[in-house]
2 protein chains.
Amino acid sequence: MKCRTCGERALINLRRHNAGFCKEHFNEFFIRQVEKAIHKYEMFDYSDKIMVCISGGKDSLVLWYLLHKMGFDTTGMYINLGIGEYSEKSLEKVNAFTDKHQLRSIVVNLTELGHPIPTLERHVKRHACSICGTAKRYYFNRVANENNFDIVATGHNLDDEAARLMGNTLKWDEAYLAKMSPVLPAENQIKKKVKPLIRLTELEVGAYAFMNGIDYITDECPKSVGATSMIYKNALNMMETEMPGTKHYFYSEFVRKAAERFKSEKKRKI
Amino acid sequence: MKCRTCGERALINLRRHNAGFCKEHFNEFFIRQVEKAIHKYEMFDYSDKIMVCISGGKDSLVLWYLLHKMGFDTTGMYINLGIGEYSEKSLEKVNAFTDKHQLRSIVVNLTELGHPIPTLERHVKRHACSICGTAKRYYFNRVANENNFDIVATGHNLDDEAARLMGNTLKWDEAYLAKMSPVLPAENQIKKKVKPLIRLTELEVGAYAFMNGIDYITDECPKSVGATSMIYKNALNMMETEMPGTKHYFYSEFVRKAAERFKSEKKRKI
């Protein structure tokens, strides 16, 4: 397989684009996909103060790396969830990354605040991922408001969002479907939220991190065992293998055509 | 595993219902699901003349067997598609079934009419399944009109319909989504179409056929190789295994809540 752009030996083969790329041109391809997402969905521009939510995983670190490289005004925001060794390791990765690239970051420590995830889990009868999601959203917003950020950016990739769309679609959960978008506009005290990696798969983000020496935590969160999102990801990957492009088409056509149809509370009369 | 109803040894375990059944009570369960579908979706009643579309496969023969057993006024309608040995074998199964149960049937022979599927396939540049679908719909309607049937009943089961829904959803194909329903009302020259097996899976229909000595063609149609519906069925089965009930919920909630949202050509303004 040869690089589509220069004809040199390809390092990666992207079946859904029917193309191979060498490192240089994969990087070009990758950044172009991020630019496309930012422009197409009108996410932000160079005048915005962007808070990048980072976990220490590949997606958030790649996002921060890229937005910084592209010249945007970024600050990292890390929440120490207090999930034992997993949280310690991820904080180490975040600190190493921040130091290496001389970036600004804000750290919130749930243990110091008295409610790490394991404590919340004992009090709230819901799956840890659900509790953690609520806690994260709360602190993302709070920190963004306190520090006057314009934008909250998260590293969700195409696999994450297509899986979430699959879950909401299998249940035809109208309230959640209505809110699915790569951009959520600002509303009252809630800052504008964006997902610039939405055009890139988990595999592509991982390859980008690897090729560009971005060191991240590879452990899965121990609390995420049994998360249904993995089932949806597996099903989508199976279909993607047979029909390359399925995930992107499923997600982008939803956003383009179908999302609007779920936006009214009342059912439409024909 | 014991039968939920009588406590005897269960012959079949239905995880999505969290229940096992002996033969007698599986039959009871099965017929109850068909009754529920007929009532819930107001499919037909004892005054209707029902044309049952039969292929020689398990679904259509089980459907005919049941509707006849339940006392409905049924006639079978078989289209000989002219697909070599497959069509010959399926006709044999249909004839044997019709004779055994002393039922009325109408046979349309595409070869005698000059356009068996392989001939049509040479002239029309589309997948054989698509051509075959169009030909079947045309003759179903024509025969139903010529013979004054009130209802056209097909043996589509939950797996068929959930897979079709998955395919249309992955593409967000609004025109097809708008038309997905276990009942399509009569319109001009088009007779009312119903799918009474919609609450039953492929596995359950197969088990019913086996337990009740209904002999059907087990060969897959040779033209269906590479049909995308198999990919959707596999993905849904994978999710069903992890989360029993997924297929039924996906399909029935679509019909209950979401279908209506796709019924207008124009997109709704918020």
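Each reported figure results from applying straightforward, stated rules to the coordinates on display, with no laboratory input. From a predicted model like this one, the values you see are computed outputs, not experimental measurements. Methodologically, a virtual Cβ is constructed for each residue, glycine included, from the backbone with ideal geometry; neighbour enumeration extends over all protein chains shown.
Below is a table of values for the structure above.
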{"item": "Under-5 Å amide H pairs with A:I151, H placed in peptide plane, nonlocal only", "result": "A:K49, A:M51"}
{"item": "Shortest-first distances to equivalent copies, position A:H127, nm, label 7 Å out along Cβ", "result": "3.1"}
{"item": "Normalised alpha carbon radius of gyration of the protein assembly as shown [divisor 2.2 N^0.38 Å]", "result": "1.16"}
{"item": "Mean Cα-pair separation over length for the stretch A:156-270, i.e. relative contact order, pairs under 8 Å, 6 or more apart, %", "result": "43 percent"}
{"item": "Dipole in debye (nearest 20) - the stretch B:34-180, about Cα centre, beta carbon charges: Lys, Arg +1; Asp, Glu -1", "result": "280 debye"}
{"item": "Local electrostatic count, B:Y86, Cβ distance below 10 Å [Lys/Arg +1, Asp/Glu -1]", "result": "-2"}
{"item": "Max mean-square fluctuation residue, GNM over chain B, Cα-Cα springs under 10 Å, options B:K23, B:K193, B:K100", "result": "B:K100"}
{"item": "Backbone HN-Hα couplings from phi across the stretch B:125-139 [Karplus 6.51/-1.76/1.60, Hz, Gly and Pro as x]", "result": "8, 9, 4, 3, 4, 6, 4, 4, x, 5, 4, 4, 4, 4, 6"}
{"item": "Pairwise centroid distance, computed over Cα atoms, of the stretch B:204-270 with the stretch A:10-53, Å", "result": "36 Å"}
{"item": "The stretch B:55-102, Rg to Rh (Cα coordinates; Rh as Kirkwood inverse mean 1/r)", "result": "0.99"}
{"item": "Potential extension, B:H17-B:K69 segment - 0.36 nm per residue separation minus Cα distance", "result": "16.2 nm"}
{"item": "Exposure proxy ranking, count of Cβ atoms within 10 Å, fewest first, for B:H101, B:H39", "result": "B:H39, B:H101"}
{"item": "Over chain A, relative contact order from alpha-carbon pairs under 8 Å, at least 6 apart, %", "result": "22 percent"}
{"item": "Of A:K2/A:K23; A:K93/A:K125; A:K23/A:K233; A:K257/B:K233, those spanning more than 20 Å from alpha-carbon to alpha-carbon", "result": "A:K93/A:K125; A:K23/A:K233; A:K257/B:K233"}
{"item": "Vicinal HN-Hα couplings computed from phi for the stretch A:187-192 (Karplus, 6.51 cos²θ - 1.76 cosθ + 1.60; Hz; Gly/Pro x)", "result": "8, 6, 8, 8, 6, 4"}
{"item": "Test item: A:169-176 mean partner chain Cβ contacts at 10 Å", "result": "6"}
{"item": "Debye intensity ratio I(q)/I(0), log10, chain A, q values 0.10, 0.16 Å⁻¹ (C-alpha model)", "result": "-0.54, -1.43"}
{"item": "Phi to ³J(HN,Hα) by Karplus 6.51 cos²θ - 1.76 cosθ + 1.60 over the stretch A:250-261, Hz, x for Gly, Pro", "result": "4, 6, 6, 6, 4, 5, 6, 10, 8, 3, 4, 5"}
{"item": "Amide H within-cut-off set for A:G20, under 5 Å, with H built and near neighbours excluded", "result": "A:R4, A:L14"}
{"item": "Where only alpha carbons of the stretch A:18-138 are counted, the Rg and the Dmax (Å)", "result": "16.9, 51"}
{"item": "Exam field: A:C6 pseudo-label spacings to other copies (7 Å along Cα-Cβ), nanometres", "result": "7.6"}
{"item": "Projected area averaged over orientations for the stretch B:77-124, convex hull of C-alpha atoms, nm²", "result": "3.4 nm²"}
{"item": "At 7 Å out from Cα toward Cβ: B:E88 inter-copy label distances (nm, ascending)", "result": "7.4"}
{"item": "Radius 13 Å from Cβ of B:M43, net charge of other residues (Lys, Arg +1; Asp, Glu -1)", "result": "+2"}
{"item": "Values of log10 I(q)/I(0), in the order q = 0.18, 0.30 Å⁻¹, for the stretch A:30-86 under a Debye, Cα-only, solvent-free model", "result": "-0.65, -1.36"}
{"item": "Amide H contacts under 5 Å for B:L200, placed H, 5+ residues apart", "result": "B:L158"}
{"item": "Antiparallel bridge percentage (DSSP; both residues within the protein assembly as shown; nearest 5)", "result": "30 percent"}
{"item": "Rounded D (µm²/s) - the stretch A:203-270, Kirkwood Rh over Cα pairs, Stokes-Einstein at 20 °C, 1.002 mPa s", "result": "138 µm²/s"}
